[in-house]
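Have a look at the structure below, then the notes.
The values are calculated or read from the model by the stated rules, or taken from the named source; none is laboratory data. Everything quoted here is computed from the prediction, not taken from an experiment. Cβ placement follows ideal geometry from the backbone for every residue including glycine, while neighbour counts extend to all protein chains displayed. Side chains included, ligands, DNA and RNA excluded: accessible areas come from the protein's heavy atoms. Shrake-Rupley method; radii C 1.70, N 1.55, O 1.52, S 1.80 Å.
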Amino acid sequence: GIQVEQSPPDLILQEGANSTLRCNFSDSVNNLQWFHQNPWGQLINLFYIPSGTKQNGRLSATTVATERYSLLYISSSQTTDSGVYFCAAGGGFKTIFGAGTRLFVKA
Amino acid sequence: GAVVSQHPSRVICKSGTSVKIECRSLDFQATTMFWYRQFPKKSLMLMATSNEGSKATYEQGVEKDKFLINHASLTLSTLTVTSAHPEDSSFYICSARDPSGGSYEQYFGPGTRLTVT
């Protein structure tokens, strides 16, 4: 089955800094999603992006399907951006999650 | 946007009892729903794929007699944890795909935190 790898596993930023989170996947996909999991466990859907580029405020994402990776950009980070970011990818019906990137933004 | 709900949000049960978790798609019909499990500080692990009107497909290593899945309608899937034990304590999250627009995007419920004492 598809393998999904995220990097880095942990990231500490100073408020205001920019960051890039990476997601590599082992096979072609028809589903690629980025999530932020809040402290209560709810998955906040950031992007559905099996290919191309999207932007939403300070967040943007790019997926290069032919090279099997996706990037999540966070600009001007805020303390409220702290938490775990998951990439999830699927090539058929199933969607598999990466291990996540744990982000901490310091004030 | 598409909304998925779960009930209950939190449940505590005694060892040996069974617990049922409901997953509903509120504003779309979901022919396929998915059940995930998450341990503390870990990622989400796919347990099974639930198809309306047919048997669920379980991932390798998931006991189908322990985790009973029923997808009786296009808007409801249930996960029953049978004869629960403390090691079944976990965060269970369901998701559903809205096939009407041709997208493979999955919409996730808020999760159910199960504690077995």
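To the nearest 20 debye, what charge dipole does chain A have about its Cα centre, counting +1 at the Cβ of each Lys and Arg and -1 at the Cβ of each Asp and Glu? Could you put the intermediate results ahead of the total?
On the way: 7 positive and 6 negative charges, 22 e Å.
Roughly 100 debye for chain A.
Where the Cα atoms of the protein assembly as shown are projected onto their three principal axes, how long is each span, largest first, in whole Å?
50, 38, 31
Considering the Cα trace of chain B, what is its radius of gyration and what is Dmax, both in angstroms?
13.5, 43
Eight or more residues apart or on different chains, and alpha-carbon atoms under 18 Å: count the Lys pairs in the protein assembly as shown matching that. Kindly include the intermediate steps, with their values, before the conclusion.
On the way: A:K94/B:K55; A:K94/B:K64; B:K14/B:K66; B:K20/B:K55; B:K20/B:K64; B:K20/B:K66; B:K55/B:K64; B:K55/B:K66.
Close lysine pairs under the 18 Å cut-off: 8.
When Cβ neighbours within 10 Å are restricted to other protein chains, what is their mean count per residue of peptide B:104-115? Please list the in-between numbers first.
Numbers: counts 12, 10, 11, 4, 9, 2, 5, 5, 1, 2, 0, 0.
Counting other chains' Cβ atoms within 10 Å and averaging over B:104-115 gives 5.
Using unit Cβ charges (K, R positive; D, E negative) and no other charged atoms, how large, in debye to the nearest 20, is the dipole of chain B about its Cα centre?
Numbers: 12 positive and 10 negative charges, 72 e Å.
Result for chain B is approximately 340 debye, rounded to the nearest 20.
List the accessible area buried at the contact between B and A, summed over both sides and calculated with a 1.4 Å probe, in Å² to the nearest 100.
Details: alone 6510 and 5940 Å², together 10780 Å².
Using a 1.4 Å probe on protein heavy atoms, the buried area is about 1700 Å².
Find the accessible area per residue for the protein assembly as shown; the probe is 1.4 Å, ligands and nucleic acids are left out, and the unit is Å². Mind dumping the intermediate values first?
Details: 10780 Å² over 224 residues.
Heavy-atom SASA per residue in the protein assembly as shown reads 48 Å².
Based on Cβ point charges of +1 for Lys and Arg and -1 for Asp and Glu, what charge dipole magnitude is obtained for the protein assembly as shown about its Cα centre, in debye rounded to the nearest 20?
On the way: 19 positive and 16 negative charges, 68 e Å.
The calculated dipole for the protein assembly as shown is roughly 320 debye.
Using a probe of 1.4 angstrom, how much of the accessible area of the protein assembly as shown is carbon and sulfur, in percent? Write down the numbers at each step before the final one.
Details: 5500 of 10780 Å².
Using a 1.4 Å probe with all protein chains present, the protein assembly as shown comes out at 51 percent carbon and sulfur.
Given the options A:N38, A:N56, A:N18, state which has the largest fluctuation in a GNM of chain A using a 10 Å cut-off (strictly under) for Cα springs.
With Cα springs under 10 Å in chain A, the top fluctuation among A:N38, A:N56, A:N18 is at A:N56.
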